[in-house]
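See below for the structure under consideration.
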Amino acid sequence: MNDLQVTGLVKGYAPGTPVLDALDLTVPGGCLAAVLGPSGCGKTTLLRVIAGFLEADAGSVTVAGRLLGGPGVHLPPEGRRIGIVPQEGALFPHLSVARNIAFGLTGRERAARRARVTEMLDLVNLPGHGDRMPHELSGGQQQRVALARALAPEPHLVLLDEPFSALDTGLRETVRADVRAALQDSGATALLVTHDQQEALSTADLVAVLRQGRVAQCAAPQELYHRPADPWVASFVGDAVFIPATTDATTTSTATTVMGRIPLAAPAALREGVVLLRPEQLRLAPASEAVAEGTVTGIRFHGHDALLTVTVDALAAPLLVRAQGPVPARPGERVGLAVTGSATLHPAP
Ligand code: ADP
Ligand code: MG
């Protein structure tokens, strides 16, 4: 299988300040993995090292069991069987769609090349578009052609560097879904770089969160969101609520808080810390069901839901509560709160 294995990767642009600092990452063959991290954290650097445009200072890159870069080894980009979809401006403007896609298909017979182009146009759902010029396509169609061009030479691995960031919000969702489907059909292993949490969670099978040159956590989207490794990851991948908590040695499956006892997703080894909840695990509740009372101090309306800030007397930090439908309270209103589901327990930050 076309597994990607990155081990102990170190890369910097100036001595003594590594951008990637002994980074480890494993992506199983056929998997679409997102590399998620804030701007400037080294995502593009990682892709460029994997692609072979940059040489690592230490560590190794292996794809499908073949060492591409490592001690004494540095295969050139064209020898790596890696396809690349850059951020934008990906297509050659003076070549037709078909010639763009055929670009990497050297050494094949003309008929075989034509057949592969047709196959790729079908794969990205643009049949019959081969004679168009790039400027005759929408931004989303251009990105799908860029993907077709990357996939045409049957790469073991496809690298996509923030491929949707230039698209409008509405279009982005559909292009993401199309690209995901095309990648799945192709069976290629893919690494999608993004700084957009929603994009990573909604598009990828596996999300690797980058922090200070390393992978802070690599997990399936639901696992990452509901069982983050630490409070930083928790806050980075979504809105988070932290409540001080204690446990005792006999009942490690629940934590005691000012919001009552909260079930834990895994037995706690810690006796003291903070529990993490997501705002959708809190709801406004009548006094008979409420575990705490507070005052609404802010409302962020998003259309499909609203995020309420509620200040609870016994807690220093305000809580976030996600409410569906019409906004159920006004600023200044006293409300009761209830908790659903389980939490994870972390050391206090
Ligand atoms: P990201 O893609 O996550 O936004 P990059 O990999 O582009 O991050 O950059 C990581 C860090 O390395 C940044 O601090 C950036 O300024 C620096 N950097 C990137 N490319 C170069 C370069 N060619 N020369 C010097 N510094 C660079
Ligand atoms: Mg970048």
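Just so it is clear, none of the values below were taken in a lab; they were calculated from the coordinates. Given the structure is predicted, the values throughout are model-derived calculations rather than measurements. Positions of Cβ are backbone-derived with ideal geometry, glycine not excepted, and every protein chain shown enters the neighbour counts.
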**Study point:** On Cα atoms only, tilt of 110-123 relative to the major axis of the chain in degrees
**Key:** 20 degrees
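If you place +1 on the Cβ of every Lys and Arg, -1 on the Cβ of every Asp and Glu, and leave all else neutral, what size is the dipole of region 117-192 about its Cα centre, to the nearest 20 Debye?
Once rounded to the nearest 20, the dipole reads 100 debye.
DSSP loop (so not H, G, I, E, B), at most 13 other Cβ within 10 Å: list which trypsin sites (Lys or Arg not before Pro) in region 254-302 pass both filters. Intermediate results must be reported in sequence, preceding the final value.
Values: sites: Arg261, Arg271, Arg283, Arg300; in loops: Arg271.
Qualifying residues, ordered by number: Arg271.
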Exercise for review: With a cut-off of 16 Å, note down the residues of region 283-306 whose backbone N falls inside the zone around a label point 7 Å from the Cα of Val258 toward its beta carbon.
Suggested key: 291-297
**Study point:** Separation of alpha-carbon centers, region 204-264 and region 309-346, rounded to whole Å
**Key:** 18 Å
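Counting Lys and Arg as +1 and Asp and Glu as -1, each charge on the Cβ, what is the dipole of region 89-220 about the Cα centre in debye, to the nearest 20? Before the final figure, lay out the partial values.
Details: 14 positive and 15 negative charges, 83 e Å.
Here the size comes out at about 400 debye.
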Point to revise | Unit charges on C-beta of K, R, D, E only; dipole of the chain, Debye | key: 560 debye
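Go ahead and estimate [θ] at 222 nm for the chain from helices alone: -39,500 (n - 2.57) per DSSP H run with n ≥ 4, summed, over the residue count, rounded to 500.
So the helix-based figure for the chain works out to -6500 deg cm²/dmol.
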Check your understanding: GNM, the chain, Cα, under 10 Å: largest mean-square fluctuation among Leu137, Leu32, Leu46?
Key -> Leu137
Review point. Around Gln198, what is the net charge, scoring Lys/Arg as +1 and Asp/Glu as -1 over all other residues with Cβ under 13 Å from its Cβ?
Key: -2
Point to revise | Net charge over other residues, Cβ less than 13 angstrom from the Cβ of Arg180 (K, R count +1; D, E count -1) | key: -2
Exercise for review: When a/c is below 1.5 the answer is rounded, else prolate if a/b is larger than b/c, else oblate, so apply that to region 274-333 with a ≥ b ≥ c taken from the square roots of the Cα gyration tensor eigenvalues.
Suggested key: rounded
Revision key, fill the gap. Largest fluctuation, Thr45, Thr203, Thr246 only, Gaussian network model of the chain with Cα springs under 10 angstrom, belongs to Thr246
Review point. If you line up the long axis of helix 169-186 against the longest principal axis of the chain, both from Cα atoms, how many degrees apart are they, to the nearest 10?
Key: 60 degrees
Point to revise | Kirkwood Rh in Å, taken over region 1-89 so that all alpha-carbon pairs contribute | key: 13.5 Å
Practice item. Can you tell me the 0 to 90 degree angle between the C-alpha axis of helix 139-151 and the longest principal axis of the chain, rounded to 10? Key: 60 degrees
Check your understanding: What share of all Cα pairs of the chain, in percent, falls into each consecutive 20 Å distance bin?
Key -> 27, 46, 24, 3
Revision key, fill the gap. Expressed in nanometres to one decimal, the distance between label points 7 Å along Cα→Cβ at Val327 and Thr7 is 5.5 nm
Review point. What ratio of Cα Rg to 2.2 N^0.38 Å holds for region 129-192?
Key: 1.09
**Study point:** Inter-label distance for Thr169 and Ala220, nm, one decimal - labels placed 7 Å from Cα along Cα-to-Cβ
**Key:** 3.0 nm
**Study point:** Listed residue (Pro134, Val179, Leu191) projecting farthest to the positive dipole end of the chain, Cβ model
**Key:** Pro134
Study note, to complete from the structure: Out of Ala166, Ala200, Ala51, a Gaussian network model of the chain with alpha-carbon springs under 10 Å gives the largest mean-square fluctuation to Ala166
**Study point:** Net charge contributed by nearby residues that have their C-beta within less than 9 Å of Arg322 (K/R +1, D/E -1)
**Key:** -1
